[in-house]
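Taken together, the values in this text are just the output of simple stated rules run on the coordinates, not laboratory data. Treat the numbers as computed from the prediction; the structure is a model and nothing was measured. Positions of Cβ are backbone-derived with ideal geometry, glycine not excepted, and every protein chain shown enters the neighbour counts.
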Amino acid sequence: MTFSLAGRCARTGMLGAVVTTSSIAVGSRCQHAAAGIGAALTQHMTDPRLGPLALDLLRRGYSAENVIKALVGATPRSDWRQLAVIDAYGRTAAFSGASNKPEVAEAHGKDCVALGNIVRSKDVPFAMVRAFEAEPGQPLAARLIAALKAGDDAGGEFKPLVSTALVVADKQAFPYVDLRVDSAADPIATLARLWQEYEPVADLYVTRAIDPDSAISPP
């Protein structure tokens, strides 16, 4: 009952992930990203420990494919897990265990990988990939949200969506964007609105951290 996408912006090198589900507070469990390293998704009977572990393995030089193999091999009951990884070069890998409930699908595209489980159609992740690839000149956050909307339009979940989350990593150890909707009637629309509000000040908050003397507060 979750669909998600991890992606990379070839123009800026930013990495990020977006996810939505019919359970509360999905952002505390499923999406992970690190600047210059990659992004990871972990869902379906989610083990939140696997996201940071995936990023650590990428940091150590593992390929995306070998990261997934290592996670599956080291995880008890990996048959319950659905996982995806993208590295800093846009290479992807994914895994859907045998105990994942249908419909279950994975889709790989240029600089992106999408997952879906307990969704209405296997086309959900493929629709997300198509939307992500459609406008490569747009900010990564906007492309990730567009992918989420496309997944919902392609069938989405059987239950009403409740929560969604977006994370984007740029050059710093902290996220460039980290937005979460924990409980809402239309979480994707709410996330899109939050990004519209945050986009004008995103660079400012980075400047405040690394060069506070030059930071100008928003009106």
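Arranged from highest to lowest average of other beta-carbon atoms within 10 Å per residue, in what order do the peptides 100-111, 13-24 appear?
Ranked from most to least packed, the peptides come out as 13-24, 100-111.
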For the chain, whose charge dipole is built from +1 on Lys and Arg Cβ atoms and -1 on Asp and Glu Cβ atoms, the candidate among Tyr205, Val162, Thr92 with its Cα farthest towards the positive end is Thr92
Under the Karplus relation with 6.51, -1.76 and 1.60 and θ = phi - 60°, whole-Hz ³J(HN,Hα) for region 128-144, x at Gly and Pro, equal 5, 4, 4, 5, 5, 6, 5, 9, x, x, 6, x, 4, 4, 5, 5, 5
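Under 20 Å between alpha carbons: how many lysine pairs meet that in region 76-219, if sequence neighbours fewer than 8 apart on the same chain are excluded?
Numbers: Lys101/Lys122; Lys101/Lys159; Lys110/Lys122; Lys110/Lys149; Lys122/Lys149; Lys122/Lys159; Lys149/Lys159.
Close lysine pairs found across region 76-219: 7.
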Expressed as a whole-number percentage, the relative contact order of region 2-214 with C-alpha contacts under 8 angstrom and at least six residues apart is 24 percent
Taking the chain and counting helices only, DSSP H stretches of n ≥ 4 at -39,500 (n - 2.57) each over all residues, the nearest-500 ellipticity at 222 nm comes to -10500 deg cm²/dmol
Partner aspartates and glutamates whose C-alpha sits under 18 Å from that of Lys69, ignoring same-chain residues fewer than 8 away, are Asp47, Asp56, Asp79, Asp87, Glu106
For region 6-78, the dipole about the Cα centre with charges only on Cβ (Lys and Arg +1, Asp and Glu -1), to the nearest 20 debye, works out at 80 debye
At R0 = 41 Å the Cβ-Cβ FRET efficiency linking Ala215 and Ala184, nearest 0.05, sits at 0.85
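Which value, to two decimals, describes the C-alpha radius of gyration of the chain once divided by 2.2 N^0.38 Å?
Numbers: Rg = 16.3 Å, N = 219, 2.2 N^0.38 = 17.1 Å.
Ratio of Rg to 2.2 N^0.38 Å for the chain: 0.96.
Just check region 98-219 against the gyration tensor rule for me: Cα atoms, a ≥ b ≥ c as the square roots of the eigenvalues, rounded for a/c under 1.5, and otherwise prolate or oblate depending on whether a/b exceeds b/c. Mind showing how you got there, number by number?
Working: a/c = 2.49, a/b = 1.96, b/c = 1.27.
It is prolate, given that a/c is not under 1.5 and a/b is the larger ratio.
Relative contact order for region 1-123 using alpha-carbon pairs under 8 Å, separation at least 6, rounded to a whole percent? Write out the running numbers ahead of the final one.
Details: 298 pairs, mean separation 32.1, N = 123.
Relative contact order of region 1-123: 26 percent.
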Reduced to Cα centres, the span from region 142-184 to region 10-45 in Å works out to 8 Å
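Run the numbers for Val206 and Ala25: contour at 0.36 nm per residue of separation, minus the present Cα-Cα distance, in nm. Intermediate values should be presented prior to the final figure.
Numbers: separation 181, 0.36 × 181 = 65.16 nm, distance 2.54 nm.
Extra length from Val206 to Ala25 when fully extended: 62.6 nm.
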